[in-house]
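Asker: Have a look at the structure that comes next, please.
The values are calculated or read from the model by the stated rules, or taken from the named source; none is laboratory data. Computed from a predicted structure; not experimentally measured. FYI the Cβ positions are ideal-geometry reconstructions off the backbone, even for glycines, and counts take in every protein chain you see. Just the protein is used for accessible areas: all its heavy atoms, side chains included, with ligands, DNA and RNA removed. Shrake-Rupley method; radii C 1.70, N 1.55, O 1.52, S 1.80 Å.
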Amino acid sequence: MKTDEMNFELLGPGVHTAGVTGLDMCVRRPLVATCSTDHTVRLWNYADRSCDLNKLFAEEAYSVAIHPTGLMVIVGFADKLRLMTVLMDDLKTVKEIAIKGCRDVCFSNGGQYFAAVNGITLSLYNTYTCECIGNLRGHNGKVRAICWSSSDTTIVSAGADGAVYEWRMSDQKREKENVLKGCQYSAVTATPDMKTLIASGSDRKIKELEDNSGAGTQVSRELETGLLITALALPYGGKILFAATETGV
């Protein structure tokens with residue numbers, strides 16, 4: 001084949017070439033944001049199954065969250081947490097926050113707040129001023145995953161200590177808790193009504209946790225996956241569960 005005939009085109013959007021470290025869904029648009037150890041952050045349109053944006057960074061991204069409008073993302077890197085504007089074919093940094101190695105970050109459904117993991121502490125921020133409005137402490141191991149309730153009145157955290165907590169925003173106190181020693185959680189989400197919490201960790205099982213009258217929050221069902229789940233996301237309808245794994249899928 002001659003040089004001038006070598007006009008190759010990518011036939012598909014491609015996939016991450018290493019493990020997925022973060023996954024988040026946009027509330028108002030059919031977009032999913034992912035980041036990976038391959039140094040890329042991608043925005044996917046799950047309605048037409050295409051990759052809308054692929055941004056390559058010089059360093060690995062540990063976590064990602066997409067604003068409900070789809071116009072901003074926040075990405076955790078080794079040195080800082082960066083708030084970025086989504087452009088047509090690029091991501092532009094507009095604010096940096098001094099949290100190193102943030103392993104999970106999540107916007108509230110209204111978009112006015114975001115929560116970021118800071119070691120064993122969960123820090124809460126105002127999205128538009130980036131002012132810290134609170135710190136939730138209670139985990140004995142590093143916080144690995146977080147998610148907001150649909151009303152933004154509570155937030156769920158899961159940690160390497162095997163604990164899953166639900167916190168009230170009104171007084172920043174714990175409302176529900178379940179501790180499973182020996183399991184290091186890596187992902188968590190919840191149904192829109194917050195009656196069921198869904199978590200996965202080092203035992204490679206997806207667990208449903210529900211309130212059991214008189215016994216607190218207990219595991220009600222388990223699904224063996226055979227893979228380490230690195231992120232979970234549940235759309236508002238609650239009929240599809242997205243899961244990212246250590247294999248990059």
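Asker: Based on the mean of other beta carbon atoms within 10 Å per residue, what is the order of 176-184, 34-42, most packed first? It would help to have the intermediate numbers written out before the result.
Answerer: Details: 176-184: 15.1, 34-42: 21.2.
The packing order, highest mean first, is 34-42, 176-184.
Asker: To continue, here is another question. Just to confirm a number: summing +1 for Lys and Arg and -1 for Asp and Glu over residues other than Ala33 whose beta-carbon lies under 9 angstrom from that of Ala33, what do you get?
Answerer: Numbers: positive: Arg42; negative: Asp24.
Taking every other residue near Ala33 into account, the sum is 0.
Asker: Right, here's the next one. Please get the size of the charge dipole for the chain, origin at its Cα centre, with Cβ charges of +1 on Lys and Arg and -1 on Asp and Glu, quoted in debye to the nearest 20. List each step's numbers first, then the result.
Answerer: Values: 26 positive and 29 negative charges, 102 e Å.
Dipole of the chain, to the nearest 20 debye: 500 debye.
Asker: Give, in nm to one decimal, the length gained when the segment between Glu246 and Leu71 is fully stretched (0.36 nm per residue of separation minus the Cα-Cα distance). Mind showing how you got there, number by number?
Answerer: Numbers: separation 175, 0.36 × 175 = 63.00 nm, distance 2.75 nm.
Stretched fully, the Glu246-Leu71 segment lengthens by 60.2 nm.
Asker: What is the distance, in nm, between label points placed 7 Å from the Cα along the Cα-to-Cβ direction at Asp90 and at Ala58?
Answerer: Each label point lies 7 Å from its Cα, and together they span 1.6 nm.
Asker: Which order do the peptides 98-107, 84-93 take when ranked by the mean count of other beta-carbon atoms within 10 Å per residue, highest first?
Answerer: Working: 98-107: 21.0, 84-93: 13.0.
Peptide ranking by packing, descending: 98-107, 84-93.
Asker: If you don't mind, another one. Using a 1.4 angstrom probe, figure out how much accessible area the range 163-249 has per residue, in square angstrom, rounded to the nearest whole.
Answerer: Numbers: 4700 Å² over 87 residues.
Spelled out: the 1.4 Å probe surface of the range 163-249, per residue, equals 54 Å².
Asker: For Leu223 and Tyr128, calculate 0.36 nm times their separation in residues minus their Cα-Cα distance, and state this gained length in nm to one decimal. It would help to have the intermediate numbers written out before the result.
Answerer: Values: separation 95, 0.36 × 95 = 34.20 nm, distance 3.91 nm.
My answer for the length gained is 30.3 nm.
Asker: What FRET efficiency would be calculated for the residue pair Glu210, Lys100, taking the C-beta separation as r and a Förster radius of 30 Å, to the nearest 0.05? Each step should come with its number before you reach the end.
Answerer: Details: r = 36 Å, r/R0 = 1.18.
Calculated transfer efficiency: 0.25.
Asker: Which of Gly110, Gly138, Ile120 sits closest to the plus end of the dipole of the chain, meaning its Cα is farthest towards the positive end, when Lys and Arg get +1 and Asp and Glu get -1 on the C-beta?
Answerer: My answer, from the dipole projection, is Gly138.
Asker: Once neighbouring chains are kept in place and the probe is 1.4 Å, which whole percent of the accessible area of the chain is contributed by carbon and sulfur?
Answerer: Working: 6170 of 12390 Å².
In the chain, the share of accessible area belonging to carbon and sulfur is 50 percent.
Asker: Going by average Cβ density within 10 Å per residue, which order do the peptides 111-122, 49-60 take, highest to lowest?
Answerer: Values: 111-122: 20.2, 49-60: 13.5.
Sorting 111-122, 49-60 by mean packing, highest first, produces 111-122, 49-60.
Asker: Still on this model: Summing +1 for each Lys or Arg and -1 for each Asp or Glu, what net charge is found among the other residues whose Cβ lies under 14 Å from the Cβ of Ser186? Please list the in-between numbers first.
Answerer: Numbers: positive: Arg103, Lys142, Arg144, Arg204, Lys205, Lys207; negative: Asp104, Asp161, Asp203, Glu246.
So the surrounding residues net to +2.
Asker: Could you work out the local net charge near Asn140, counting Lys and Arg as +1, Asp and Glu as -1, over the other residues with Cβ closer than 14 Å to its Cβ?
Answerer: +3
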